[in-house]
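Participant: This is the structure I have questions about; it appears just below.
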Amino acid sequence: MTQWFRKVLYNVILWSSNKFTSKPVKERVFRELTDLYNCINDGRKKKGIVIPFSTSDKFIIFSDQHKGAKNGADDFMLCEPNYLNALDYYYDSGYTFISLGDSEELWENTLTAIKKSHKESFTREAKFFNSKRFYKIFGNHDLIWVNDPFAPFHVKDVYGVEMPIYEGVVLRTELAGGVLNIFCTHGHQGDLVSDGNWFSKFFISRIWAPLQAFTKINPNTPAYDTHLKSLHNSMMYEWSSHQKDILLVTGHTHQPVFESLTSVERLYKKLLIATADNNQNAQHSFREEIKKRKFEENHFTDDYLSLKPTYFNAGCCCFNDGDITGIEIADGCIRLVKWKLITTTSQRQIVDEASLESLANK
């Protein structure tokens, strides 16, 4: 296939996906997040559960693996080595694993095909559950886990055990200043197109998937659909900023967010600190990184310095360079981490970190 033809198809795919696969509505986003959070707190365990934790407990949150059938439309294939190595690290280190939705790409593939292609991933995830350290959340692309009458059979068939699958969980901890709740859900709530809409499922399965398999194009780059990502993240942030003692952690947009800031906004903030400290080397480093990031991520909020640090996004495990991102909660801190393949070794990198105590105080 010529580069010209791929470029034309790439633009068509991006336009089509932007038009047909996302349409968040603010009022609906707010209502559904509030209803879900209240249901979990009220003890409706089919929706989700409250998980008390202390500073000795550790969690890793990964989202949006989009495991496929290992064909041209499987966005997870390149990231699989990092994902498997990361799960080994977190299992051995005593972490509890929260899979935050869209773990399986069930709009494009059958569960049978995914199970056959990704046995290693399911086996490692099952290890966490067998150690009572696994919580599985559904997203819009794997709604089958809750809306299919045979879902319990599918779960046991894939994982070898019966397990509940939730819409969200609330991690709750006692701090010096009071209680802090970390509300974890996929984040598709209130999106008219993504929230189980039949037409978007038809578009993905009958048009998008065959075209992507043919072109072998993975659109999960930082630049992909930045306006809609930022729009949805902005709504999630706005909801979280109006809550008391709540941090919101989602996935869905594939765009990592830490303390309500995207990567380029965090770099600008660090540049301001380096400038105030007259650190010339750090200033140069941050400016160079901003140049690179602004090419990838063109959305920037003018009032980023005034945002409350209430919203976090785990990013995804299907970037087209093989990297994966996630959110760690451990040692009294919350961290944005990236796993990157350096030569043949997966390396864990801490991108950003903040103490839960400081966030609660803010």
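Participant: Output the pairs from 244/338; 136/156; 70/340; 58/244 with a Cα-Cα distance over 18 Å in this structure; if there are none, say none.
Facilitator: Long pairs (Cα-Cα over 18 Å): 244/338; 70/340; 58/244.
Participant: So, R0 is 25 Å and r is the distance between the beta-carbons of residue 350 and residue 88; what FRET efficiency does that work out to, to 0.05? Show your work: numbers first, answer last.
Facilitator: Numbers: r = 18 Å, r/R0 = 0.73.
Using R0 = 25 Å, I get an efficiency of 0.85.
Participant: Based on Cβ point charges of +1 for Lys and Arg and -1 for Asp and Glu, what charge dipole magnitude is obtained for the range 132-194 about its Cα centre, in debye rounded to the nearest 20?
Facilitator: So the dipole magnitude of the range 132-194 works out to roughly 280 debye.
Participant: Now, a different point. So how much slack lies between residue 175 and residue 157, counting 0.36 nm per residue of separation and subtracting their Cα-Cα distance, in nm?
Facilitator: Going from the current span to full extension adds 2.4 nm.
Participant: Relative contact order for the range 32-109 using alpha-carbon pairs under 8 Å, separation at least 6, rounded to a whole percent?
Facilitator: 35
Participant: May I pose another question? Between residue 284 and residue 331, what FRET efficiency follows from the Cβ-Cβ distance if R0 is 25 Å, with the result rounded to 0.05?
Facilitator: 0.20
Participant: Using the number of other C-beta atoms within 10 angstrom as an exposure proxy, rank 154, 186, 284 with the fewest first. Spell out each step's value before the answer.
Facilitator: On the way: 154 18, 186 25, 284 12.
The most exposed by this proxy come first: 284, 154, 186.
Participant: Please work out the FRET efficiency for the pair residue 273 and residue 116, using the Cβ-Cβ distance as r and a Förster radius of 45 Å; give the result to the nearest 0.05.
Facilitator: 0.35
Participant: OK, next. Could you give the length gained on full extension between residue 150 and residue 361, defined as 0.36 nm per residue of separation minus the Cα-Cα distance, in nm?
Facilitator: On the way: separation 211, 0.36 × 211 = 75.96 nm, distance 4.57 nm.
Net length gain for the segment: 71.4 nm.
No value in this document is a laboratory result; all are computed from the given coordinates. Quick caveat, the model's predicted, so the values are computed rather than measured. Cβ sites come from the backbone with ideal geometry, for glycine too, and all protein chains shown count toward neighbours.
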